[in-house]
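Student: Just passing along the structure, written as structure tokens.
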Amino acid sequence: MDVKAVLRHTRSTPRKTRLVADMIRGKNVNDAMNILTFSPKKIARDLQKLLKSAIANAEENHKVLDVDDLYVKSIRVDKGVTWKRQIPRARGMATPILKRTSHIEIILDEK
């Protein structure tokens, strides 16, 4: 029984998000929550909210009785849309700024 939660268009680059996602992959849900709580990265708050959403999905939709048996089966970080902006430069030129986004999918399973 796989429980899934998805977060789309997160304002963090996939490369930075994967650093935090790799820390919780394969961990117990309680251990993953502790890691995300004390992580200094900004994306850790969004991942913690996503993990709480997946736990709520397990309780509500899949009728999981013991949440402590859940673990992070997989977490996938994909590239989202890229916002293209410009910053003015000398002599009337402009330099592009690429604001990258991420799509995150987390799958929980019971041990």
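Student: Tell me yes or no: at least one residue of segment 51-61 is surrounded by 12 or more Cβ atoms within 10 Å (Cβ to Cβ), under 15 Å from Ile106 (Cβ atoms), touching a Pro at 6+ places or on another chain (Cβ under 8 Å) and touching a residue at least 40 places away in the same chain (Cβ under 8 Å).
Tutor: No, segment 51-61 contains no residue that is surrounded by 12 or more Cβ atoms within 10 Å (Cβ to Cβ), under 15 Å from Ile106 (Cβ atoms), touching a Pro at 6+ places or on another chain (Cβ under 8 Å) and touching a residue at least 40 places away in the same chain (Cβ under 8 Å).
Student: Another question, then. Looking at segment 30-48, can you tell me whether even one residue there is part of a strand (DSSP E or B) and either at pLDDT 95 or above or crowded, with 18+ Cβ neighbours inside 10 Å (or both)?
Tutor: No: zero hits.
Student: I want to confirm something. Restricting to segment 63-94 and keeping residues that are closer than 22 Å to Ala21 by Cβ, of a type in the set (Val, Ile, Thr) and modelled with pLDDT of 95 or more, which single residue is surrounded by the fewest Cβ atoms within 10 Å (Cβ to Cβ)?
Tutor: Looking at residues that are closer than 22 Å to Ala21 by Cβ, of a type in the set (Val, Ile, Thr) and modelled with pLDDT of 95 or more, I get Thr82.
Student: Out of segment 87-105, which residues are on the phi > 0 side of the Ramachandran plot and of a type outside the set (Gly, Ala, Ser)? Steps first, answer last, please.
Tutor: Keep residues of segment 87-105 that are on the phi > 0 side of the Ramachandran plot, which gives 91-92.
Listed by number, the list holds a single entry, Arg91.
Student: Looking at (1) within 21 Å of the chain's Cα centre (by Cα); (2) more than 23 Å from Thr10 (Cα to Cα), which is the only condition Asn57 fails?
Tutor: Result: Asn57 passes all but (2).
Student: Quick check on segment 5-19: of everything there that is surrounded by 16 or more Cβ atoms within 10 Å (Cβ to Cβ) and under 30 Å from Lys63 (Cβ atoms), which residue is farthest from the chain's Cα centre (by Cα)?
Tutor: Of everything passing the filter in segment 5-19, Ala5 is farthest from the chain's Cα centre (by Cα).
Student: Now for a separate question. What pairs come out if I take residues in segment 9-35 that are over 20 Å from Lys99 (Cα atoms) and pair them with residues that are small (Gly, Ala, Ser) and surrounded by 13 or more Cβ atoms within 10 Å (Cβ to Cβ) whose C-beta lies under 6 Å away, six or more apart or interchain?
Tutor: Here the result reads Ile24/Ala32, each pair linking segment 9-35 to a residue that is small (Gly, Ala, Ser) and surrounded by 13 or more Cβ atoms within 10 Å (Cβ to Cβ).
Student: How many residues does segment 5-34 hold that are farther than 15 Å from Lys79 by Cα and in contact with a Lys or Arg (Cβ under 7 Å, 6 or more places away or on another chain)? Quick ask: steps written out before the conclusion?
Tutor: Step one: filter segment 5-34 for residues farther than 15 Å from Lys79 by Cα, giving 5, 20, 22-34.
If we keep only those that are in contact with a Lys or Arg (Cβ under 7 Å, 6 or more places away or on another chain) as well, we get 20.
So the answer is 1.
Student: Among the residues of segment 60-111, which ones are assigned to a strand (DSSP E or B), within 18 Å of Val3 (Cβ to Cβ) and charged (D, E, K, R)?
Tutor: Scanning segment 60-111 gives Lys73, Arg76, Glu105, Asp109, Glu110.
The values are calculated or read from the model by the stated rules, or taken from the named source; none is laboratory data. These numbers come from a predicted model, not from an experiment. Note: ideal-geometry Cβ built from the backbone for every residue, glycine included; neighbour counts use all protein chains shown.
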